[in-house]
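Participant: One structure coming up, written as structure tokens, with questions to follow.
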There are 4 protein chains.
Amino acid sequence: MKTNLIKHIAVFTSGGDSPGMNAALYAIAKAAEKNSIKLTGIKKGYEGLIDGDFINLEAHQLQKLTQKGGTILKTARSKRFMELEGRKKALKTLKENNIDALIAIGGDGTFRGLLAFSEICDIPVIGIPGTIDNDICGTDFTLGFDSAVNTAIENIDKIRDTAESHNRVFIVEVMGRDSGYIAIYSGLVVGADAILIPESAQDYIQLLNKIKNYESEEAFIVVVSEGDELGAELVATKIKEMNSDVELRITRIGHVQRGGNPTALDRMLGIRFGVAAVEALIQSKKNVMVGIVKNQLHFTPFEEVIKQHQINNELKQLLVLFEK
Amino acid sequence: MKTNLIKHIAVFTSGGDSPGMNAALYAIAKAAEKNSIKLTGIKKGYEGLIDGDFINLEAHQLQKLTQKGGTILKTARSKRFMELEGRKKALKTLKENNIDALIAIGGDGTFRGLLAFSEICDIPVIGIPGTIDNDICGTDFTLGFDSAVNTAIENIDKIRDTAESHNRVFIVEVMGRDSGYIAIYSGLVVGADAILIPESAQDYIQLLNKIKNYESEEAFIVVVSEGDELGAELVATKIKEMNSDVELRITRIGHVQRGGNPTALDRMLGIRFGVAAVEALIQSKKNVMVGIVKNQLHFTPFEEVIKQHQINNELKQLLVLFEK
Amino acid sequence: MKTNLIKHIAVFTSGGDSPGMNAALYAIAKAAEKNSIKLTGIKKGYEGLIDGDFINLEAHQLQKLTQKGGTILKTARSKRFMELEGRKKALKTLKENNIDALIAIGGDGTFRGLLAFSEICDIPVIGIPGTIDNDICGTDFTLGFDSAVNTAIENIDKIRDTAESHNRVFIVEVMGRDSGYIAIYSGLVVGADAILIPESAQDYIQLLNKIKNYESEEAFIVVVSEGDELGAELVATKIKEMNSDVELRITRIGHVQRGGNPTALDRMLGIRFGVAAVEALIQSKKNVMVGIVKNQLHFTPFEEVIKQHQINNELKQLLVLFEK
Amino acid sequence: MKTNLIKHIAVFTSGGDSPGMNAALYAIAKAAEKNSIKLTGIKKGYEGLIDGDFINLEAHQLQKLTQKGGTILKTARSKRFMELEGRKKALKTLKENNIDALIAIGGDGTFRGLLAFSEICDIPVIGIPGTIDNDICGTDFTLGFDSAVNTAIENIDKIRDTAESHNRVFIVEVMGRDSGYIAIYSGLVVGADAILIPESAQDYIQLLNKIKNYESEEAFIVVVSEGDELGAELVATKIKEMNSDVELRITRIGHVQRGGNPTALDRMLGIRFGVAAVEALIQSKKNVMVGIVKNQLHFTPFEEVIKQHQINNELKQLLVLFEK
């Protein structure tokens, strides 16, 4: 058995918060405790890393917080860390506090920061993919995605009640930034009549035809991703331009998708990721993200993580099949 | 014991649907069955009343639907019923089908229709207040209000998770049309920092000051009613005009407030209203709405029902107290 | 305007916890703050009162906890307070800490304690009815009842899914100690086929006949109160003794009814009760419980509070009507 | 492209119902429709298969039922199908109705039936693993498991509220028959203090020590599987035998774990399984179960499916780590 050289780990959450982050913190604390490693929590992401805004973390306190959404470490976006000077200051802060390993939980932007940091940082860093968008390479699921989808579908199920009572057409917008994952998952599982995602070109003429032909005794539900060139407002405008008689209702599920108690899956992902991150550090891994690929732990270098994420093939085929 | 002259009741739901309508239908069916009264369901509100779009309703089928949101009778808005001719046609349809009493479940617009109908209709009519807006005179609570408020607060609780993780300011819009009831209730019980309702003038300068002074380690949550001269977008615009540096997030809870399984309170209200409506008809009441005033059944003539609804005094005082 | 002689209030929660207690604490803190009254929290009910286990409470901290079930002050049962010596010690502790008014939140047992305490205590005390059982005289609803009923019906709705898939008979036990309120409310609103409460004699022969005659294509759901002479096990045994061929499934909803985020109604009740308790003290009221009667605030002396609570007449009649 | 020889598929659900079965039916109907295959629904599992209790299924009707728990086809256990004569009758019924392929959704017992049926049945059969227990070989997740775990943890989260308010010890029993999967998943993600499963020997002395040493300011939560030699009652009895002073509360989550709206994951599993089952039949597969292994579709012969299922290694290690 190798001697563990890691004596003091620091952890932070960064970027948009996502459900399951607190479960990951609990698991990190538990794994650290078992390996006699001191654990420091960094508040507000890179900002707290630069400023040394630290708190002590113990498994015992975190145990009852697995059910809680958000992140008790808080999170923030940091302009200073985008500059080399900020990153140098962060490294200095880590060294002054005798921290010999770092765990970062966040999304796309967080990993860009980690990649830049790795150029100057000689302390090992492990990343955990925490974002509701499921748009990170190197993992089949990100921490928070399942919770966001479940929040979305619970809301869409409610919309169906009122939509069916009125035989109405609803355009429902879900989150995901540039990624259609939340839209595909939530759209398929609520039995949506159409699903629009940023990864595909939209055929608004076909959509209008579907709407005009839908059984007037039923609801018609369109699930659409947010996005610069998509979103419920834009879709409604396009349809209205073609046919101003069509009655549409618009609902944006909105920020509620980021909050709420995490689902079992996200809590379990948080636990798996958290334990794996600590064990990876003990095994001298560095500058990799822990992910879940084919339901097994998998490590990916930061430079691979930030590449363009794709919708997997089985999902794409399901999307074609369920298009009427 | 008086002889029951009512042999055949018809019931419809009209206007916006609201959670609890199916429970009311179950109770009407049960009370009708006990009194050997035939019950006919009219589909799509006044539209089905005019056209004779009828189905048979039995307690046995409805029993398991108390938990279901929306209305199995469907609902619609009817232009034709706004015309005398439409109402005459409706009366003719009722007579041709040997219907000797009518129960209507709906909101403000529905009761305006009933008042107009009562001028020509010699068949007794009882109304049940079904709307999430709680804006009907003659009842402390409308059917669906409690469910809408609970849906709103579950969503705002989730927003608090993410708002606190980022120390953000959120402007959250809830429904209620011209009534601030949903905003007051949901705002007070989620611990909102400010609550804006159409019944009061807004002091945007004070609101901006509160936002600027809020403890930066916390979330700041504003709950605001929808409305022609209110709503989250407008509030955000006003604040931004005064100070463009303030960062705001906007969320509209939206149509989900109309759907979802009704709460216990709304199902119970539906049951109480439904049974009372049938019993009122048996007792020869007519052209009144059954409501709940001071937690007791209460009947109000249609012309009183449509008057301007007010926020009660205790609530107003609470609103003042909880304004920081 | 009268001068407020109250400068320092202490508050505790006692007996079984119930959802909404934290909202009441928030409201008490807010009302105290507005009136420049210091607020002290007593931990673990009468135990903390005797031992001086105190914490400082501020509205600001409590604001975000309205959504949280349980009580942040914790609660406990106290044998020592049942003795005169314990109560004397409690009074001494209050005086030593310059506390000049007391608010107690709890159920039946708590009010028995308050009544005994009032014999020696010259400090004004106001009670708030906090129990899921809804068995307190002087209030139409206790704090936590609505949440418990909603938790019960969400679970029974789920049981209906599986019961209907198998056409099964389920005996579902809900809480309420000696009171049938939770059973009546939850039974009526889930469309139960039979409801058994401790306030009525049970006719097991009739129940068996109903079960034998139920439509075999449906579920059959019995909702039964817990109780020394009731409960799901006992009902099942009685039925089985008469006819061992009947297949029954038993489910006890159990302690989950005490927990979970409070509903809007319970949070609002907590807010109304909390504000009213502080204002009552300022108005020199003492040794009364604040309740809600006919949807209005109402004060009842402790000796009335602990009398035998009754099921109201409208509910009793509904129970008869919905018995098949 | 191969010619599709399948013209008429029949589908049934069997054994215990599980959330997600309706989503699977929707997907089967959609895939059948796309391939111009007629779809017949068989009611009540093997019973309806023997008796020809059939209904027509169309994607259009099923689309809005993805959110619904239970199974609209109903389910039952069948003694007759355990006899060769019953199975012969079933085959005859299939042939008389010109059914040329069969899809079965169910658990362990269902697959034993399918294996026996395959000895005489020359019609191709595909199985889908539908059970909350996650105890089927050939799939990482069964349909319904994720929903059951989420229902369990929502309830345990509520119990934590009351447990923490009282600093109590709770023994919470979850389902799973002989499999500890639900207990491991739900126990880990709620931050349980101990998790007892049938796959491991129990060390009650160690458990008692943990209980005696737990921080008295906290809750202590034990999650335990049901089972012939396990379950909350038995665990409580063992502890009490060793030390009768320990105060314990017992809660069985019970049948609610079988019901309720399926989670996103289970609905998606249902969709993936349903589409894959139809496509497998078109590709001439037979007598295999479709599962999900390493997040990819996977087919396993019936004789492999019914072998003893194991807890995977990563989970076992987590269980060791999170034992205090």
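The values are calculated or read from the model by the stated rules, or taken from the named source; none is laboratory data. Owing to the predicted nature of the structure, the values given are computational and were not obtained by experimental measurement. Methodologically, a virtual Cβ is constructed for each residue, glycine included, from the backbone with ideal geometry; neighbour enumeration extends over all protein chains shown. The protein model used for the area step is the full one, side chains on, heavy atoms only, and it has no ligands, DNA or RNA in it. Shrake-Rupley method; radii C 1.70, N 1.55, O 1.52, S 1.80 Å.
Participant: Where the second residue is open to solvent by 50 Å² or more (accessible area, probe 1.4 Å) and assigned to a helix (DSSP H, G or I) and the first is facing chain D (nearest Cβ under 9 Å) and closer than 11 Å to D:ILE271 by Cβ and lies in the range A:312-324, which pairs have Cβ atoms under 7 Å and are six or more apart or on separate chains?
Facilitator: A:LEU321/D:LYS34
Participant: Take B:GLU47 and decide whether it is under 21 Å from the mean Cα position of the chain (by Cα) and assigned to a helix (DSSP H, G or I). Even if it seems obvious, please write down each step before you answer.
Facilitator: Values: under 21 Å from the mean Cα position of the chain (by Cα): yes; assigned to a helix (DSSP H, G or I): yes.
Judged against the criteria, B:GLU47 is a match.
Participant: Six or more apart or on different chains, Cβ under 8 Å: which pairs go from a residue in the range A:285-303 that's under 14 Å from A:GLY130 (Cα atoms) to one that's buried (at least 20 other Cβ atoms within 10 Å of the Cβ) and of a type in the set (Lys, Arg)? Could you list them?
Facilitator: As it stands, the answer is A:ILE292/A:ARG272, since those pairs meet every condition given.
Participant: Which members of the range C:249-266 meet the condition of being over 15 Å from the mean Cα position of the chain (by Cα) and at the interface with another protein chain (Cβ under 7 Å from one of its Cβ atoms)? Reasoning before the result, please.
Facilitator: Applying the first criterion (over 15 Å from the mean Cα position of the chain (by Cα)) to the range C:249-266 yields C:249-253, C:264.
Of everything in the range C:249-266, those that are over 15 Å from the mean Cα position of the chain (by Cα) and at the interface with another protein chain (Cβ under 7 Å from one of its Cβ atoms) turn out to be C:ARG249, C:THR251, C:ARG252, C:ALA264.
Participant: Of all the residues that make up the range B:184-206, how many are in a helix (DSSP H, G or I) and closer than 15 Å to B:GLU229 by Cα?
Facilitator: 1
Participant: Across the range B:295-310, what is the total count of residues that are among the hydrophobic types (A, V, I, L, M, F, W, C), within 22 Å of B:ASP178 (Cβ to Cβ) and open to solvent by 10 Å² or more (accessible area, probe 1.4 Å)?
Facilitator: In the first step, residues of the range B:295-310 are kept if they are among the hydrophobic types (A, V, I, L, M, F, W, C); the result is B:297, B:299, B:302, B:305-306.
The next check asks that each one be within 22 Å of B:ASP178 (Cβ to Cβ); those that pass are B:302, B:305-306.
With the extra rule that they be open to solvent by 10 Å² or more (accessible area, probe 1.4 Å), the set shrinks to B:306.
Summing the residues that are among the hydrophobic types (A, V, I, L, M, F, W, C), within 22 Å of B:ASP178 (Cβ to Cβ) and open to solvent by 10 Å² or more (accessible area, probe 1.4 Å) in the range B:295-310 gives 1.
Participant: Then there's this: Report, by residue number, each residue of the range C:158-173 that is open to solvent by 10 Å² or more (accessible area, probe 1.4 Å) and at the interface with chain D (Cβ under 8 Å from one of its Cβ atoms).
Facilitator: Within the range C:158-173, C:LYS158, C:ARG160, C:ASP161, C:GLU164, C:HIS166, C:ASN167 qualify.
Participant: Something else now. Looking only at residues that are closer than 21 Å to C:PHE141 by Cα and either over 21 Å from the mean Cα position of the chain (by Cα) or open to solvent by less than 10 Å² (accessible area, probe 1.4 Å) (or both) in the range C:201-231, which one is nearest to the other protein chains (Cβ to nearest Cβ)?
Facilitator: Among them, the one singled out is C:VAL223.
Participant: Please state which of the following conditions A:ASN209 fails to meet, knowing it meets all the rest: (1) under 30 Å from B:LYS74 (Cβ atoms); (2) not in a helix (DSSP H, G or I).
Facilitator: Of (1) under 30 Å from B:LYS74 (Cβ atoms); (2) not in a helix (DSSP H, G or I), only one is false for A:ASN209: (2).
Here's the yes/no breakdown for (1) free of Cβ contacts under 8 Å to residues at least 40 places away in the same chain; (2) away from every other protein chain (no Cβ under 14 Å):
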position	(1), (2)
B:PHE12	no, no
B:TYR26	no, no
B:LYS44	yes, no
B:GLY52	no, yes
B:THR75	no, no
B:LYS89	yes, yes
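Participant: Let me ask something else. For the range C:73-95, give me the residue count where each residue is open to solvent by 100 Å² or more (accessible area, probe 1.4 Å) and among the charged types (D, E, K, R).
Facilitator: So the answer is 6.
Participant: Can you work out which of the residues in the range A:284-294 that are closer than 17 Å to A:GLY144 by Cα and either facing chain D (nearest Cβ under 10 Å) or in a helix (DSSP H, G or I) (or both) is least open to solvent (accessible area, probe 1.4 Å)?
Facilitator: Here the residue is A:ILE292.
Participant: Scan (1) more than 14 Å from every other protein chain (Cβ to nearest Cβ); (2) outside any loop (DSSP other than H, G, I, E, B); (3) open to solvent by less than 10 Å² (accessible area, probe 1.4 Å) for the single condition A:ILE136 breaks and write down its number.
Facilitator: Every condition holds for A:ILE136 apart from (2).
Participant: What's the number of the condition B:LEU188 fails, among (1) more than 8 Å from every other protein chain (Cβ to nearest Cβ); (2) over 25 Å from B:LYS307 (Cβ atoms); (3) hydrophobic (A, V, I, L, M, F, W, C)?
Facilitator: Only one criterion is unmet by B:LEU188, namely (1).
Participant: Turning to a different aspect of this structure: Any residue in the range D:65-73 that is within 14 Å of another protein chain (Cβ to nearest Cβ), of a type outside the set (S, T, N, Q) and not in a loop (DSSP other than H, G, I, E, B)?
Facilitator: Yes, that holds for at least one residue.
Participant: Considering each of A:GLY69, A:GLY45, A:GLY109, A:GLY41 in turn, give the residue that is in contact with a Pro (Cβ under 6 Å, 6 or more places away or on another chain), outside the structural domain of A:SER179 (by TED's automatic domain parsing) and either open to solvent by 30 Å² or more (accessible area, probe 1.4 Å) or closer than 18 Å to B:GLU164 by Cβ (or both).
Facilitator: A:GLY69
Participant: Select from the range D:133-169 the residues that are over 30 Å from C:GLY106 (Cα atoms) and of a type in the set (A, V, I, L, M) and list them in ascending order.
Facilitator: D:ILE136, D:LEU143, D:ALA148, D:VAL149
Participant: Another question, if that's okay. Please count how many residues of the range B:140-178 are within 22 Å of B:PHE220 (Cβ to Cβ) and either assigned to a helix (DSSP H, G or I) or of a type in the set (Lys, Arg) (or both).
Facilitator: Number satisfying all stated conditions: 17.
Participant: Please find, among D:LEU234, D:LEU281, the residue that is open to solvent by 20 Å² or more (accessible area, probe 1.4 Å) and away from chain C (no Cβ under 14 Å).
Facilitator: Step by step, each of D:LEU234, D:LEU281 is checked, and only D:LEU234 is open to solvent by 20 Å² or more (accessible area, probe 1.4 Å) and away from chain C (no Cβ under 14 Å).
Participant: If you check C:GLN61 against the conditions, is it assigned to a helix (DSSP H, G or I) and assigned by TED's automatic domain parsing to the domain that holds C:GLY270?
Facilitator: On the way: assigned to a helix (DSSP H, G or I): yes; assigned by TED's automatic domain parsing to the domain that holds C:GLY270: yes.
So C:GLN61 fits the description; yes.
Participant: In the range D:295-324, which residues are of a type outside the set (Ser, Thr, Tyr) and either touching a Pro at 6+ places or on another chain (Cβ under 6 Å) or part of a strand (DSSP E or B) (or both)?
Facilitator: D:GLN296, D:LEU297, D:HIS298, D:PHE299, D:PRO301
Participant: Listed residues C:VAL125, C:VAL174, C:VAL169; which is touching a residue at least 24 places away in the same chain (Cβ under 8 Å), touching a Leu at 6+ places or on another chain (Cβ under 7 Å) and not assigned by TED's automatic domain parsing to the domain that holds C:PRO301?
Facilitator: Within the list C:VAL125, C:VAL174, C:VAL169, the selection yields C:VAL169.
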